[in-house]
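What follows is one structure encoded as structure tokens, with my remarks underneath.
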Amino acid sequence: MSRVVTLIRGDGIGPEIAAAAVRILGEAGADLEWDEQLGGMAALADAGDPLPDATLESIRQHRLVLKGPLTTPVGTGFRSVNVALRREFDLYANVRPARTIVPGGRYDDIDLVLVRENTEGLYIGYETYITVGGDPKAVAQSTAIVTRRGCERIVRYALDYAVALGRRRVTIVHKANILKAVSGLFLDVAREVAESYHDRVEVNDVIIDACAMKLVLDPGQFDVLVTTNMFGDILSDEIAGLVGGLGMAPGANIGETGALFEAVHGSAPDIAGRGVANPTALILAACMLLEHIGDFPTARRIRTAIERTLRDDAVRTRDLGGHASTDEYTVAVLRRLA
Ligand code: NAI
Ligand code: MG
């Protein structure tokens, strides 16, 4: 029986890369049925709401989402729909693998997975200004919330993931030396949880700023990294940069009752509508979706087709130094699938 997936094509380059992903999944024989729903600017224009009830209802029902990027207006306007979705469905684990497919960058053998806590920390947006001497914005204040339960479940997720996939090491990334409460709690809980895994996977810890440097100098010392929300946001773009940039970086947002798969990148308004976007990140996200529902063979076939296209055929989009349009690249992957 085919699985129904809520499909949100998204804004900017979203519709272009979503079309490529849907086409490739179809050709690969993935047993999926799409329930197309609106989100972001497209939904705002059509339904007056960036996150319509129909979209939420579809996700509630199917619990599986493939989503193109959604534009978040800066400063004014609505709050991020991406953040709202993560919160609404408590998608607490953000899993971002970075693996070299196209050699020729600084490193040719990157294979990292970043597991980021998705619902707590500084990004909850408990922010305010404090008026001093008549200046309403004299002081800005932000509150981070970190819970024992939140730390426990994200660390457990990372450790279970590492064990299931036979990864060798999990590194806890923190700033407990300075943020003694919010990051100290994370480190304490992480070490506690890790104790019961000591015979299955190696665990160590590193301070966030040192980690950022070590990732650039010698990424091979890391395998799976687990960290809190904001550190994870920053490090995941850094590791995407190690494997050819945002066009190659997929992400999964996973909770107890649902899972949403997307590219790490945004709606790329600078190249939207020009047919030049790299759809690989979203296609790899779709592969993660297939693996999540247990269809490993189809995911493997698509991954292999992508690798052959990029590596052997050297058909690449412009962000990877090639000349292929989104369509030309998609057709090349389809040829490798056949
Ligand atoms: P962006 O990721 O959209 O673009 C950054 C740079 O990377 C641009 O030069 C863009 O052309 C390039 N790029 C990104 N994806 C590409 C692809 N697939 N192929 C080729 N080049 C690609 O980040 P930016 O400009 O900061 O954000 C644009 C909008 O996207 C904002 O409204 C932001 O809020 C939203 N956004 C949405 C996300 C989501 O839906 N999960 C994640 C990040 C940003
Ligand atoms: Mg980010």
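Among the residues of segment 191-240 satisfying the criterion of being away from ligand 2 (no atom under 16 Å from the Cβ) and aromatic (Phe, Trp, Tyr), which is nearest to residue 98 (Cα to Cα)?
Ranking the qualifying residues of segment 191-240, first place goes to 222.
Could you please find all residues in segment 316-338 being over 17 Å from residue 19 (Cα atoms), open to solvent by 40 Å² or more (accessible area, probe 1.4 Å) and not basic (Lys, Arg)?
319, 321, 323, 338
Is it true that some residue in segment 268-275 is of a type in the set (A, V, I, L, M, F, W, C) and away from ligand 1 (no atom under 16 Å from the Cβ)?
For segment 268-275, residues of a type in the set (A, V, I, L, M, F, W, C) and away from ligand 1 (no atom under 16 Å from the Cβ): absent.
Can you tell me which of 201, 226, 206 is at pLDDT 95 or above and over 26 Å from residue 143 (Cβ atoms)?
201
Identify, by number, the condition in (1) in a loop (DSSP other than H, G, I, E, B); (2) among the small types (Gly, Ala, Ser); (3) open to solvent by 60 Å² or more (accessible area, probe 1.4 Å) that residue 140 doesn't meet.
So the condition that residue 140 fails would be (1).
Pick from 166, 125: which is at pLDDT below 95, open to solvent by less than 80 Å² (accessible area, probe 1.4 Å) and closer than 23 Å to residue 99 by Cα?
Exactly one of 166, 125 is at pLDDT below 95, open to solvent by less than 80 Å² (accessible area, probe 1.4 Å) and closer than 23 Å to residue 99 by Cα, namely 166.
Working only within segment 304-334, note down all residues that are in a helix (DSSP H, G or I) and either in contact with a Ser or Thr (Cβ under 8 Å, 6 or more places away or on another chain) or not assigned by TED's automatic domain parsing to the domain that holds residue 277 (or both).
306, 310, 326, 329, 332, 333, listed by residue number.
Among the residues that make up segment 273-284, is at least one of them in a helix (DSSP H, G or I) and within 16 Å of ligand 2 (Cβ to nearest atom)?
yes
Any chance segment 232-254 includes a residue that's in contact with a Gly (Cβ under 8 Å, 6 or more places away or on another chain), under 28 Å from residue 58 (Cβ atoms) and at pLDDT 95 or above?
no
The values are calculated or read from the model by the stated rules, or taken from the named source; none is laboratory data. All of these numbers come straight from a predicted model, not from anything done at the bench. Here Cβ is always computed from backbone atoms with ideal geometry, including for glycine, and neighbour counts include all displayed protein chains. In case anyone asks, the SASA skips ligands and DNA or RNA and just uses the protein heavy atoms, side chains included. Shrake-Rupley method; radii C 1.70, N 1.55, O 1.52, S 1.80 Å.
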